[in-house]
Amino acid sequence: MSAQSQSVLMIKDLKKTFGTKAVHRGIDIELFENEVLALFGGSGAGKSLILRSIIGLESPDSGAISWRNRNLSGLSENQWIDIRKRIAYVFQNGALFDSLTVFENLAYPLREHTQMNEEQIRAKVAETLAMVDMPGSEALLPSELSGGMQKRVGLARAMILEPEIILFDEPTAGLDPSNTARFVQNILKLKARGLTGIFVTHDLASAFAVADRIAILHEGKIYCAESPEKIRQSNDPIIRNFLFPEEKT
Ligand SMILES: Nc1ncnc2c1ncn2[C@@H]1O[C@H](COP(=O)(O)OP(=O)(O)OP(=O)(O)O)[C@@H](O)[C@H]1O
Ligand SMILES: [Mg+2]
């Protein structure tokens, strides 16, 4: 991130209540071009809800979300489909179509949203699978893949339309250390190509490895959003309790 970084996503004073439960009490997030923001928060704090609100799967009670100065509210379903090509969401479980091969899972968005011919689709799928360390896996079914592989294919599917922003919902949850490391390597590779994204996680090591800033969602608000260095050095008890609970005396 440099001083001239452009703001690509702006979330202002987002509020959402379910029944009597105020989940978001005024969320403010600004995401800059080529920035990866890691988002922490307790279970049920409303992290997924932020991501789902960005892509229009939930509508906030109040507040505003804008993407490159375009207000993302009151859009038609077709407009949302268009936005979701530019802002991709990596679901926690990969959300692959079980009955389709890896190739068909990846070809699907290309067939839906581009004019590519079969040869171009084949090349694009092969290139994207190589990027997530899954070259040659086109013919496999999701059930033939390990959890880690499914997540990498989920990432490949999110990447394939070359979105401007990728939202990751706990991409390393449930992965063993070697698959986590592999996923982190994939993210770093994407970062080298200019990835902009939000990375919801409970995994501190992965967040420190990939994030430009670390944000903590606490009591319905973004409590802080700072560089990993600042977070590491912080003496703030809420930050330390949250991120380094083992230090608790
Ligand atoms: N559509 C909905 N209807 C009712 N309650 C909802 C809905 N979506 C989210 N919630 C509630 O909002 C709160 C936040 O949910 P969310 O899924 O964003 O949490 P989270 O921070 O992602 O948690 P986790 O780390 O467990 O995934 C939860 O209490 C959840 O029950
Ligand atoms: Mg969640």
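The table below lists the values:
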quantity	calculated
Selection of chymotrypsin sites (Phe, Trp or Tyr not before Pro), region 1-103, meeting DSSP coil and at most 15 other Cβ within 10 Å	F97
For region 1-127, the spread of Cα positions along each principal axis, largest first, Å	50, 39, 29
Relative contact order (percent, whole number), region 97-249, Cα cutoff 8 Å, 6+ residue spacing	17 percent
Assigned charges on the beta-carbon of Lys, Arg, Asp, Glu; the chain dipole about Cα centre (debye)	440 debye
Protection-proxy order for peptides 145-151, 168-174, 238-244, each taking the mean of Cβ atoms within 10 Å per residue, highest first	168-174, 145-151, 238-244
Length added when fully stretched, R111-F244, from 0.36 nm per residue minus Cα-Cα	43.3 nm
For the chain: Kirkwood Rh in Å [reciprocal of mean 1/r, alpha carbons]	18.9 Å
Directionally averaged shadow of region 51-182, computed from the convex hull of its alpha-carbon atoms, nm²	9.0 nm²
Efficiency of FRET from Cβ geometry, S59 and Q92, R₀ 30 Å, rounded to 0.05	0.90
FRET efficiency, S227 to E119 (Cβ-Cβ, R0 35 Å, nearest 0.05)	0.20
Ranked V132, V184, criterion: other C-beta atoms within 10 Å, fewest first	V184, V132
Extension gain, N34 back to F18 (0.36 nm per residue minus Cα-Cα distance, nm)	2.4 nm
Among the listed pairs K151/K221; K15/K221; K47/K191; K15/K151, those beyond 20 Å (Cα-Cα)	K151/K221; K47/K191; K15/K151
Hypothetical label at H218: residues of region 228-249 whose amide nitrogen lies under 13 Å (7 Å Cα-Cβ projection)	231-232, 234-245
Stokes-Einstein D in µm²/s, Kirkwood radius over Cα pairs - region 61-139 at 4 °C with 1.567 mPa s viscosity	88 µm²/s
Computed magnitude of the charge dipole of region 166-220 (debye, nearest 20; Cβ of K, R +1, Cβ of D, E -1)	380 debye
Cα centroid of region 1-72 to Cα centroid of region 173-249, whole Å	17 Å
Most positive-pole-ward Cα, A225, A211, L188, against dipole of the chain from beta carbon charges	A225
Theoretical FRET efficiency, 1/(1+(r/R0)^6), r = Cβ-Cβ of E162 and N69, R0 25 Å, to 0.05	0.75
Tail weight of P(r) past 22 Å, computed on alpha-carbon pairs of region 147-249, percent	34 percent
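Values in this text are rule-based calculations from the coordinates and carry no lab data. Quantities reported herein were computed from a predicted structural model and do not represent experimental measurements. Don't worry about glycine lacking a Cβ; one is built from the backbone with ideal geometry, like all the others, and counts go over all protein chains shown.
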